[in-house]
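Asker: Got a structure for you, written out below as structure tokens; questions coming shortly.
No value in this document is a laboratory result; all are computed from the given coordinates. Everything quoted here is computed from the prediction, not taken from an experiment. Please note: Cβ atoms are built from the backbone with ideal geometry, for glycine as well, and neighbour counts cover all protein chains shown.
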Amino acid sequence: MGVTPINSRVEFQRIIDGDKIVAIDLWEESCEPCKRIAPLFEEYSNDPRFSSIEFYSVNCSGREGDNIAQETRISAYPTFLLFHSGNKVGEVGGADREKLLAMVIKGAALVSV
């Protein structure tokens, strides 16, 4: 499936307000931890165990991305957010592999709820 970039605040809002479970990576170009953990997020997006989740990323280095970062009130990069039907149901700040996996597993479990 892969990770799809989000390029505008309007697109971001449409995606999180949908009825799908979405995981979003908010990152900056100059962030080394962001670069190190991005391949893992990509790996999860292609893992059949997590096929019920749509994976997205937001480059917060630009104006639109910065607006999304401010709107979501994140305080560090990377930050991973999990949404379901417009509600934030998970958040991981930093490049913590174990916490990211736990958040993605939580998202996959929401399908059966």
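Asker: Filter region 29-49 down to residues that are surrounded by 17 or more Cβ atoms within 10 Å (Cβ to Cβ), hydroxyl-bearing (S, T, Y) and either out of contact with any helix residue (DSSP H, G or I) (no Cβ under 7 Å at 6 or more places or on another chain) or farther than 18 Å from A102 by Cα (or both), then give me how many there are.
Answerer: Residues flagged as surrounded by 17 or more Cβ atoms within 10 Å (Cβ to Cβ), hydroxyl-bearing (S, T, Y) and either out of contact with any helix residue (DSSP H, G or I) (no Cβ under 7 Å at 6 or more places or on another chain) or farther than 18 Å from A102 by Cα (or both) within region 29-49 amount to 1.
Asker: Quickly run through region 66-88 and pick out the residues that are out of contact with any helix residue (DSSP H, G or I) (no Cβ under 6 Å at 6 or more places or on another chain) and either touching a residue at least 40 places away in the same chain (Cβ under 8 Å) or among the charged types (D, E, K, R) (or both).
Answerer: Of everything in region 66-88, those that are out of contact with any helix residue (DSSP H, G or I) (no Cβ under 6 Å at 6 or more places or on another chain) and either touching a residue at least 40 places away in the same chain (Cβ under 8 Å) or among the charged types (D, E, K, R) (or both) turn out to be D66, A69, E71, T72, R73, I74, T79, L81, S85, K88.
Asker: Say we look at region 59-113 and pick out the residues that are assigned to a helix (DSSP H, G or I) and of a type in the set (D, E); which of these is nearest to I16 (Cα to Cα)?
Answerer: Only one residue fits best here, namely E71.
Asker: Continuing with this model, one more query. Could you list all residues from region 1-28 that are part of a loop (DSSP other than H, G, I, E, B) and closer than 20 Å to L100 by Cβ?
Answerer: Correct list: M1, G2, I6, K20, E28.
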